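Engineer: Before we start, here is the structure in question, set down as structure tokens.
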Amino acid sequence: MKKLLWAIFLLFGLSAAAQDIYIQSGNLIDTKTGKILGNHTVIVSGKKIKSVEKGFVQPAKASDSLIDLREMFVLPGLTDMHVHLESETNPSKYLDRFTNNEADDAFNSVGF
């Protein structure tokens, strides 16, 4: 889990730096073919995937980063769209749990 968190941090937190990030994946999910590919390296430059190479490729420059995910599954391009629509804080939050129904929660989540 720590490696996954580091991967996310490096992909988004260091995207402004002029370096490439090499992600070594033991199981790479190819969404175009629907197959799981073994032993591939995803090379990320900035915020974009630069290339996907067969095997475990080592970084080309000393300034490049290496993330070892050889024991995990990697899905390039996955965007976290997870959101809690009901996680609003307001003065009546605790009272709303008892007075609102599901339709009220749905309506209030839109943000009118």
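Engineer: Excluding Gln58 itself, what net charge comes from residues whose Cβ is under 12 Å from its Cβ, given Lys and Arg +1 and Asp and Glu -1?
Structural biologist: Once positives and negatives cancel, what remains is -3.
Engineer: Provide the FRET efficiency to the nearest 0.05 for the Thr33-Glu53 pair, computing r from the beta carbons and using R0 = 25 Å.
Structural biologist: Computed FRET efficiency for Thr33 and Glu53: 0.90.
Engineer: Using a 10 Å cut-off on Cβ atoms, rank the peptides 72-79, 97-104 from the highest mean neighbour count down.
Structural biologist: On the way: 72-79: 12.2, 97-104: 9.1.
Ranking, from highest mean packing down: 72-79, 97-104.
Engineer: A follow-up question, please. Once amide H atoms are built 1.01 Å from N in the peptide plane, which residues 5 or more positions from Val74, or in another chain, come under 5 Å H to H?
Structural biologist: Amide H to amide H, under 5 Å and 5 or more residues apart or across chains, Val74 pairs with Asn27, Leu28, Ile29.
Each reported figure results from applying straightforward, stated rules to the coordinates on display, with no laboratory input. Note that the structure is a prediction, hence the values are computed from the model and not measured. FYI the Cβ positions are ideal-geometry reconstructions off the backbone, even for glycines, and counts take in every protein chain you see.
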